[in-house]
1. Against the conditions (1) over 16 Å from Y39 (Cβ atoms); (2) at pLDDT below 90, where does G118 fall short? Just the number, please.
2. Regarding region 91-100, can at least one residue be identified that is modelled with pLDDT of 85 or more and farther than 16 Å from I11 by Cα?
3. Hey, any hits in region 69-87 for a residue that's modelled with pLDDT of 95 or more and touching a helix residue (DSSP H, G or I) at 6+ places or on another chain (Cβ under 6 Å)?
4. For region 79-119, give me the residue count where each residue is part of a loop (DSSP other than H, G, I, E, B) and without any contact (Cβ under 8 Å) to a residue 24 or more places away in the chain.
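The values are calculated or read from the model by the stated rules, or taken from the named source; none is laboratory data. Everything quoted here is computed from the prediction, not taken from an experiment. Cβ atoms come from the backbone with ideal geometry, glycine included; neighbour counts cover every protein chain shown.
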Amino acid sequence: MAGIHRILVPIDFSPCSKSAAEYALFLAEKTGATIDLVYVWEPPVFLGPEFFEGVHKERNLSLSEVAHGNALQTLNEFAQEIPIPDDAKVRPKVVSGRVHEEILALAASEGYDLVVMGTHGRKGLAHLLLGSETEKVIREASCPVVVVHEGVN
């Protein structure tokens with residue numbers, strides 16, 4: 001590997017993704033890398049009518065635009081909870097699609113040198129039923145993947 005210049009950090013707003021972001025900041029401090037905090041919004045298959053009560057019709061926004069704006073605001077708030085040094089290069093990004101597919105596509109198409117992501121560490125039946133986005137990324141990523149467990153300092 002020639003060096004680490006770009007780090008992709010998938011965020012799901014959990015404590016383990018916060019640990020992953022903090023570890024990525026540690027690596028970026030050593031390498032000067034840019035960090036992209038990425039939230040993948042997975043559009044629901046069905047939304048009941050009660051969901052649309054909050055959509056701003058007067059601004060004529062699509063569901064996707066509202067969701068993207070809300071997710072970006074939440075991602076920015078999440079980033080404020082992380083001790084980011086003044087000289088760090090951190091960018092929030094929101095994309096929509098299936099989580100592991102979008103992470104893999106971004107890693108390949110945008111030239112990331114490293115993916116740093118958290119894992120919930122589900123085991124047994126929970127893992128079988130829910131699967132593991134982290135595991136899918138590890139198996140198929142075009143670049144190295146560092147996995148951080150919740151609470152790792």
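1. It fails just one condition, (1).
2. No - not one qualifying residue is present in region 91-100.
3. no
4. Qualifying residue count for the region: 2.
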